[in-house]
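Please treat every number below as a calculation from the coordinates, not as lab data. Predicted, not measured: the structure shown is a model, and the values here were computed from it. Every residue, glycine as well, gets a Cβ built from its backbone with ideal geometry; the counts of neighbours run over all protein chains shown.
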Amino acid sequence: MSSYDGAPVIFNPPLVFDIPAGVDFMDWINHKNPPPDEFTTAFNTALEANKWIIVAGVVSAVVSTVAVVLIVYALINCLNKAGNGGLYARLLDMGQGDSIPSPSTFNFLPKATANASSTTRPPAFDVIQNSQVEAATMERFLNNIAKEKPIRFSPRQLADFTRDYSTILGSGGFGVVYKGEFPNGVRVAIKVLKGNLGKRVEEQFMAEVSTIGRTYHVNLVRLYGFCFDPMMQALVYEFMENGSLDTFLFGENRTVEWNKLHEIAIGTAKGIAYLHEECQQRIIHYDIKPGNILLDSKLCPKVADFGLAKLCNRDSTHVTMTGFRGTPGYTAPELWMPFPVTHKCDVYSFGMLLFEIVGRRKNHNPNLSESQEWLPRWTWEKFEKGDLTELMERCGIVEEEEKGKAERMSLVALWCVQHLPEERPLMSTVVKMLEGGIEIAPPPNPFQYLVSARLDSAMSSGSIGDSNSSSSREPTEKTSSKSSYSSSSREPTEKDSSKSYHTPIKRTLEIEPAN
């Protein structure tokens, strides 16, 4: 026993290995512990692999659970922000609980009747909430609009956007345009349509909005959305900083350099060509004029109000007019007569617009001499005499390069205002002509029908006797032979035929104004 801790000292006996005599120690160890067989090795390998599979499964389960939780949280957050309708709520019965009266400026809008809430609602369209506009940046918001179909706004939202319709940008035959602004700072122009469209045109309105909202071109005003309510119908467009083209052409304090005017003419032609030839459904504008060509901050032209035009299927080449459209002075002759109307009526109106761009004046100015009073006919007379250069100088165009562009625009304008629709070029051809991509053949006299109409009117009134009627008609026929071309040249070509071009349609149109 030790005197240090009082505990007894225990001595373990040494290890004794019973190794047979003459056998090496390492051989004896290997014999006692043989290496594992193939089954044991495979089993151990499988067990090791299963450990990693189990670890990977546990990690995947944890990650999936976290992802599901995050998605559910995001959905709940979106629902809380947008109300009960999701990111873009479907409001089939929008306005049923909205008692906001029509703004005081809408004297032309009928008041909602007592049974307005029972009115059949139009098909569902995407509706955006103010909170979403506030949360989104300008780029994201506009991208969402570009990807989605037109957004449906409520009357309350339009009142908020326009600050109770405090700023009027303009007015026209379709309604009043107000300046507005989305909560994220994007400025808009809101056109409140006149009158109540009623249930009978509800589907047509929705179809037009749906189609036009999907048309996108750099030279078309962008439609952001609309409002269709028993109390009002409105369209929400992008805002154009520089207003309409007429303020630059006819305004005293606003001028544009000639090259920019040339670019505006080409851009406008491209926009109309898109409506005619590139849309899934052909869109006829019916009212091309300087007031419907808007300019952005960089003076890029954008055709406006095409959304209010009548749509026709591409398979249908003619449209039967139920009421007069357009603006006198720009309207094609066929719109005044009981004849089929095609997209070529827009080509005519664009030609009248070109005359005003070249002259920087209205086509009709009663304060000028008789020869200069109507710019289109004055242009034709100068062209017929070979004096277009003099006309350009009278219009203030002095640089040689500018004169060349102006003369080209004048020739294109004369082609566009041909009396017969089939003689007018396509707008895609007009673009190439303005850009100098194709040669422009000398145009025939587009106003010959006016001379024929005056002669027919004089003959029917008895002011011209039978004895001299044939001699009075001779200059007309000579002029027609000089300027007309064969039926195979209904659009500008490199060669101009000297054959006179008469058809029953033309003779009818020539006589029609005298009735």
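Exposure proxy ranking for Val218, Val188, based on other Cβ atoms within 10 angstrom of each Cβ and starting from the fewest, stands as Val218, Val188.
The alpha carbon convex hull volume per residue for the stretch 217-282 rounds to 134 Å³.
Taking the three principal axes of the alpha carbon atoms in the stretch 251-313, the coordinate ranges are 42, 19, 17 Å, sorted in descending order.
Across every direction, the projection of the convex hull enclosing the Cα atoms of the stretch 347-425 has a mean area of 5.1 nm². When Tyr224, Tyr73, Tyr165 are arranged by Cβ crowding within 10 Å, least crowded first, meaning fewest neighbours, the order is Tyr73, Tyr165, Tyr224. Listing Thr327, Thr65 from fewest to most neighbouring C-beta atoms within 10 Å gives Thr65, Thr327.
Distance between the 7 Å Cα→Cβ label points at Glu435 and Thr255: 3.1 nm. In this simple spin-label approximation, Ala74 and Ser171 carry label points 7 Å from Cα along the Cα→Cβ vector, and these lie 4.9 nm apart. The modelled label-to-label distance for the pair His364/Thr45, using points 7 Å beyond Cα in the direction of Cβ, is 9.9 nm.
Taking amide H as placed 1.01 Å from N in the peptide plane, Tyr224 has its amide H under 5 Å from the amide H of Val236, Tyr237, Glu238, each at least 5 places away in sequence or on another chain.
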